[in-house]
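Just so you know, all these numbers are worked out from the coordinates, no wet-lab data involved. Predicted, not measured: the structure shown is a model, and the values here were computed from it. As a convention, Cβ positions derive from the backbone with ideal geometry for all residues, glycine included, and neighbour counts pool all protein chains shown.
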Amino acid sequence: MHYFQVHSTIERSAITVSELPRDEPERSRTSTNTSAAQSRRAKNTAHRADDVEFAFEIGSGLLNEVRRLQSLLGDREKAIQDMTEKKDDLDGTLESLRTALKQQEASADKYKEENWNLEVSLQDLHTQHADTQSTVQRLDSEQKRLTKLLAASHDASEQYKNENAQLQSTIKDLIAKHETDVALARKHFAALAHDQSDLQQAIDRLETEKERAGRKFGGFGSPATPNTTEGRPDENYGYGLWTELVAVAIVLLLVIFAGYCTISINSNGL
């Protein structure tokens with residue numbers, strides 16, 4: 001726009017200067033001045049021609065300068081437009097960065113709070129870990145103690161098992177021995193019962209013989225010396241009494257022994 005205004009001004013100036021020689025002859029034809037005036041006008045015309053040429057050169061220079069300035073102005077306007085577009089882009093980018101910064105600040109605050117919560121949770125976990133470690137150590141000690149106790153119990157159990165096996169074997173031996181002893185005792189008891197029966201028969205027989213001997217030797221002797229023949233003791237009679245006493249004592253011992261065996265058998269049977 002500035003370019004066209006300057007160009008139009010220069011063209012109007014050039015046209016005015018070119019028209020000056022045409023106007024001047026018209027004024028000279030109507031004038032009644034002297035030849036001096038004509039000479040002076042000729043000089044002025046020559047000077048005007050020089051001035052027109054000078055003005056034309058000035059106009060051409062100005063036109064070139066205007067064109068150069070117009071080109072520079074266009075480049076500058078283009079640069080300004082580019083800078084404006086860049087500024088708009090930068091403003092948009094800046095606004096985006098501000099929005100992102102606000103979001104990052106909000107996220108940073110949120111992350112700070114989450115980080116604080118995580119640190120608190122981590123501290124709690126450290127405390128729980130320490131408690132767990134203490135519990136693990138205590139349980140480890142308790143496990144070692146229980147392991148030792150279990151090993152001791154296992155050894156004692158093995159010992160008791162061996163002792164139980166030995167006792168079972170001993171009990172079996174004792175039972176077998178007891179059964180053998182009971183069988184022998186019963187056998188002896190039966191033999192003793194048979195012997196007792198034989199002795200009882202012998203005693204009965206002796207008592208019968210005693211009664212017979214008493215009846216046979218009842219009329220001899222005196223009250224002071226009973227059972228005598230012609231004043232001397234009867235040796236056969238004394239031997240018979242001794243035999244009778246021994247037999248009675250044997251019978252009593254057998255009866256006592258038989259009763260003891262019966263009591264022992266009954267107690268063992270229980």
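The table that follows gives values for the structure above.
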{"quantity": "Stretchable slack from GLU209 to ALA106, in nm (0.36 nm times residue separation minus alpha-carbon distance)", "calculated": "22.9 nm"}
{"quantity": "Total charge dipole magnitude, the range 59-117, about the Cα centre, Cβ charges on Lys, Arg, Asp, Glu only, Debye to nearest 20", "calculated": "280 debye"}
{"quantity": "Chain lengthening between GLN70 and THR127 when straightened (0.36 nm per residue, less Cα-Cα)", "calculated": "12.5 nm"}
{"quantity": "Ranked LEU62, LEU72, criterion: other C-beta atoms within 10 Å, fewest first", "calculated": "LEU72, LEU62"}
{"quantity": "Residue-by-residue Karplus 3J(HN,Hα) for the range 129-142, coefficients 6.51, -1.76, 1.60, Hz, glycine and proline x", "calculated": "5, 5, 4, 5, 4, 4, 5, 5, 4, 5, 5, 5, 4, 5"}
{"quantity": "The range 61-77 - phi-based ³J(HN,Hα) in whole Hz, Karplus 6.51/-1.76/1.60, Gly and Pro as x", "calculated": "x, 5, 5, 4, 5, 5, 4, 4, 5, 5, 5, 4, 5, x, 4, 5, 4"}
